[in-house]
Each structure stands twice: as structure tokens, then as C-alpha cells.
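> Below you'll find the structure I mean.
Every number in this text was worked out from the coordinates using simple rules, so none of it is lab data. Note that the structure is predicted; figures quoted are calculated from it, not measured. As a convention, Cβ positions derive from the backbone with ideal geometry for all residues, glycine included, and neighbour counts pool all protein chains shown.
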Amino acid sequence: MQKHEFFVDMTCEGCSNAVTRVLHRLGGVQFDIDLPNKKVYIDSEHNVDTLLETLKKTGKSASYLGEKSAQ
Amino acid sequence: ARSIVISVEGMTCHSCVQAIEQHVGKRNGVHNIKVSLEDKNAVIIYDSKLQTPATLQEAIYDMGFDATSAG
Ligand SMILES: [Cu+2]
Ligand SMILES: [Cu+2]
């Protein structure tokens, strides 16, 4: 299974909670957040543009890093 | 211009504060915004022709925080 890997400039749990909330509100996503490495891994029916727009709603800088196979 | 106090839950550090100030501060009709981590709120001075308490509250909510306007 492939997951989309994003960079999101999170610095603390407040940031990762904000990311969690916007993704939950979008719906249709399964995700893991790696706070120390500022990464968010998303498995979703939504396309990358929608996911990136959603992540950017937090006001933090975000970018798409590519596909990553789940371990 | 009017002013409003919006309660904001979920901020944990200064980068949360800055994200909200920058993101909401650049909206049309927002003259000034001061976010306080200690008081868990945002004090916003705005043009009531361009923004309403509801649109300002939604702008913060959209970023992944819980926002309620105190009226
Ligand atoms: Cu943070
Ligand atoms: Cu923060």
C-alpha cells in the first residue's frame, strides 16, 4: 500500500493537534504524524492537491514529498 | 471598526500564535489581531463590512483550533 508523504512545519503538539483536526474534518483519511521529523503520512481517497490544501489550512508551511510504501 | 474577542483552544506554543496572527491578519478587513497564548484568545479589530464574528471564528476553526466568540 502506498502512502503520501508530506512535510509540515510542526514544532510542537499544538501543531500536530491542529494537523489532526483539519484532517479529521476533511474526512476519508488515515494518517500518521511524525512530529520530530515534521512528516505526515496519509492514506486517502483524496488527491494530493486536496490533501496539501488541507494541511496548509493550519497556516504552517507544507509540501508534498512523494509516495512511500508502508512498512 | 469593531473589535471582538474569540476564545481559542488548542494553542500550545508561540508558533501556534504566529500562525493564527499571520493567517487571520491577512484577511480582507482585518485591521489588527493580537493572539494570547496565556489568555487563550484572539482580540481582533475588523471592518464589519468585510468580516463578521462568524467569518473570523470560522477562519480560526479552519486552521485546526477550537474557536468560540464571546460575543
Ligand atoms: Cu506547535
Ligand atoms: Cu504551537
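> Give me the angle, in degrees from 0 to 90, between the Cα long axis of helix B:14-25 and the longest principal axis of the Cα atoms of chain B, rounded to the nearest 10.
It is inclined by approximately 10 degrees.
> How big is the gap, in Å, between the Cα center of the stretch B:7-71 and the Cα center of the stretch A:7-71?
22
> Please give me, ordered by residue number, the trypsin sites (Lys or Arg not before Pro) of chain B that lie in loop per DSSP and have at most 15 other Cβ atoms within 10 Å.
Qualifying residues, ordered by number: B:K26, B:R27, B:K40, B:K49.
> So if R0 is 30 Å, what FRET efficiency would B:K40 and A:D9 give, r being the distance between their Cβ atoms, rounded to the nearest 0.05?
In this case the efficiency is close to 0.85.
> Which aspartates and glutamates does B:K49 reach when only Cα atoms under 18 Å apart count, and residues fewer than 8 places away in its own chain are ignored?
B:E58
> Then there's this: Which chymotrypsin sites (Phe, Trp or Tyr not before Pro) from chain B combine a DSSP loop assignment with at most 16 other Cβ atoms within 10 Å?
Qualifying residues, ordered by number: none.
> For helix B:53-62, report the angle its Cα long axis makes with the longest principal axis of the Cα atoms of chain B; keep it between 0 and 90° and round to the nearest 10°.
So the inclination is approximately 30 degrees.
> Please give the per residue volume of the convex hull enclosing the alpha carbon atoms of the protein assembly as shown, rounded to a whole number of Å³.
98
> If you keep only loop residues by DSSP, which GluC sites (Glu not before Pro) in the stretch B:20-71 have at most 14 other Cβ atoms within 10 Å of their Cβ?
When the GluC sites (Glu not before Pro) of the stretch B:20-71 are filtered for loop state and at most 14 Cβ neighbours within 10 Å, B:E38 remain.
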